[in-house]
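These notes concern the structure reproduced below.
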Amino acid sequence: MILVCTGAGVFAGDTLRQSVRVAGGARVVLTSQSALQAAPAAAAAAATIHRTTTSSRTTRELQCHWDPLIPFAGARLEQRFDLSLADSSRL
């Protein structure tokens, strides 16, 4: 699956959420289309990126290949990854 974020990137106060639930027996590769840019922030509020990925007890394999984030000078950003995987999963 290719996760696409259109636009010029993230700006102060933006919230970008990605939530993926992987079904049992699946083998999934998550990738992004290109690097994401974090723009300079004149405001005090940071841009927020929150990625949540959950697998079932029988998910076989999950690969995450996100392109790098490009922060411009003065950018404010909070990025969080929450992964919940089955004991038998491979990441």
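What list of ³J(HN,Hα) couplings, whole Hz, do you get for segment 33-39 from phi and the Karplus terms 6.51, -1.76, 1.60, once you set θ to phi - 60° and write x for glycine and proline?
6, 6, 5, 9, 9, 10, 6
What chymotrypsin sites (Phe, Trp or Tyr not before Pro) does segment 24-91 have in DSSP loop regions with at most 15 other beta carbons within 10 Å?
On the way: sites: W66, F72, F81; in loops: W66, F72.
Those satisfying the criteria are W66, F72.
Can you put S55, S89, S84 in order, fewest other beta carbons within 10 Å first? Mind showing how you got there, number by number?
Details: S55 24, S89 18, S84 10.
Taking fewest neighbouring Cβ atoms as first place, the list is S84, S89, S55.
Treating the beta-carbon of each Lys and Arg as +1 and of each Asp and Glu as -1, no other charges, what is the dipole magnitude of segment 2-82 about its Cα centre, to the nearest 20 debye? Can you show the working numbers first?
Values: 8 positive and 5 negative charges, 64 e Å.
Computed about the Cα centre, the dipole is about 300 debye.
In terms of the ratio Rg/(2.2 N^0.38 Å) built on C-alpha atoms, what value belongs to segment 42-91? Kindly include the intermediate steps, with their values, before the conclusion.
Details: Rg = 15.2 Å, N = 50, 2.2 N^0.38 = 9.7 Å.
Rounded to two decimals, the normalised Rg is 1.56.
What range in the chain is the longest one free of trypsin sites (Lys or Arg not before Pro) that are in a loop by DSSP and have at most 13 other Cβ atoms within 10 angstrom? Could you put the intermediate results ahead of the total?
Details: sites that count: R57, R90.
Free of exposed loop sites, the longest segment is 1-56.
What list of ³J(HN,Hα) values in whole Hz, one per residue of segment 69-85 in order, does the Karplus curve 6.51 cos²θ - 1.76 cosθ + 1.60 (θ = phi - 60°) give from phi, with Gly and Pro shown as x?
Result, ordered by residue: 8, 10, x, 7, 4, x, 6, 10, 8, 10, 10, 9, 10, 10, 10, 10, 10 Hz.
Which residues' amide hydrogens lie under 5 Å from the amide hydrogen of A46, considering only partners 5 or more residues apart or on another chain, with H built in the peptide plane?
G13
Using modelled backbone amide H atoms (1.01 Å from N, in-plane), which distant-in-sequence or interchain residues come within less than 5 Å of T58's amide H?
Residues meeting the criterion, in which the H sits 1.01 Å from N, are G25.
What spacing in nm lies between the two simple spin-label points modelled at A86 and A35, each 7 Å away from Cα in the Cβ direction?
Here the answer is 3.7 nm between the modelled labels.
Can you say what percent of the DSSP beta bridges in the chain, counting only those with both residues inside, are antiparallel? Round to 5.
Details: 1 of 28 bridges.
If I count the DSSP bridges inside the chain, around 5 percent turn out antiparallel.
Enter the Cα centre distance for the pair segment 1-62 and segment 64-89, rounded to the nearest angstrom.
A separation of 7 Å, based on Cα centres.
Given 37 °C and 0.692 mPa s, how large is the Stokes-Einstein diffusion coefficient of the chain in µm²/s, with Rh as the Kirkwood radius over Cα pairs? Before the final figure, lay out the partial values.
On the way: Rh = 14.2 Å.
So the translational diffusion coefficient is about 232 µm²/s.
Any read-out appearing in this document is the output of simple, stated calculations on the displayed coordinates, not a laboratory observation. Just so it is clear, the model here is predicted, and its values are computed rather than measured. Methodologically, a virtual Cβ is constructed for each residue, glycine included, from the backbone with ideal geometry; neighbour enumeration extends over all protein chains shown.
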